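What follows is calculated from the coordinates using simple rules that are stated; it is not laboratory data. As the structure is a computational prediction, the values presented were derived from the model and not from experiment. For neighbour counting, all protein chains shown are included, and Cβ atoms are generated from backbone atoms with ideal geometry for every residue, glycine included.
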Amino acid sequence: LGVFAGAFKRLNEDLNMAAALGELFANLKNTRSLEDWRGFFTVLASLGLTLPEPKGIVIPEKIAKLAECRWKARQNKDWAASDRYRDELAENGWIVKDGREDYEVLPL
């Protein structure tokens, strides 16, 4: 759950919603990794909340190139390079959802 483990812990303390929401929002600024974002969405889902799917996203050329390089690295099983590209995408405010045959680039 990354930086959101504390928020999830608060939910397990007799559904301490106020503390869980406080931890959730306090840690948003510390969210950097894919694990952190997965934790954020896990806590949201635990609260019964979901965010709408983004519509009409314009992906900058630099981001599209990074995502394509990451995909090629994954296909070549170069996990270190794939991780570097993933981290660079996250630093620029983007995340990649991998599928079996393709990937999707989304803003964080």
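Taken over the chain, lysine pairs spaced eight or more positions apart, or on distinct chains, with alpha carbons under 21 Å apart number 9.
3J(HN,Hα) along segment 85-98, derived from phi through the Karplus expression 6.51 cos²θ - 1.76 cosθ + 1.60 where θ = phi - 60°, amounts to 5, 4, 5, 5, 4, 5, 4, 8, x, 10, 10, 10, 9, 8 Hz, with x in place of Gly and Pro. Per-residue extension of 0.36 nm, minus the Cα-Cα distance of Ala26 and Arg38, leaves a gain of 2.7 nm for this segment. Towards the positive end of the charge dipole of the chain, with charges on Cβ (+1 Lys, Arg; -1 Asp, Glu), say which of Ser82, Leu28, Tyr103 has the farthest Cα. Projecting each Cα onto the dipole axis, the largest value belongs to Ser82.
Helix-only estimate, please: 222 nm mean residue ellipticity of the chain, summing -39500 (n - 2.57) across DSSP H runs of length 4 or more and dividing by its residues, to the nearest 500. Helix-only estimate at 222 nm: -17000 deg cm²/dmol.
Computed on segment 2-46, the Cα convex hull volume stands at 49 Å³ per residue.
Sorting Arg32, Arg86, Arg100 by the number of Cβ atoms found within 10 Å of their own Cβ, with the fewest placed first, yields Arg100, Arg32, Arg86.
Name the residue, out of Ser46, Ser33, Ser82, whose mean-square fluctuation peaks in a Gaussian network model built on the chain with Cα pairs under 10 Å. Result: Ser46 has the largest fluctuation of those listed.
Extension gain, Tyr103-Ala18: 0.36 nm per intervening residue step, less the Cα-Cα distance, totals 27.0 nm.
Give the order of Phe8, Phe41, Phe25 when sorted by the count of other beta carbons within 10 angstrom, beginning with the fewest.
Phe25, Phe41, Phe8
Backbone phi angles across segment 30-42, fed through the Karplus curve with coefficients 6.51, -1.76 and 1.60 (θ = phi - 60°), yield HN-Hα couplings of 9, 6, 10, 9, 4, 4, 4, 5, 4, x, 4, 5, 5 Hz in residue order; Gly and Pro are listed as x. Once backbone amide H atoms are built at 1.01 Å from N, Ile95 has Leu106, Leu108 as its partners under 5 Å, excluding neighbours fewer than 5 places away on the same chain.
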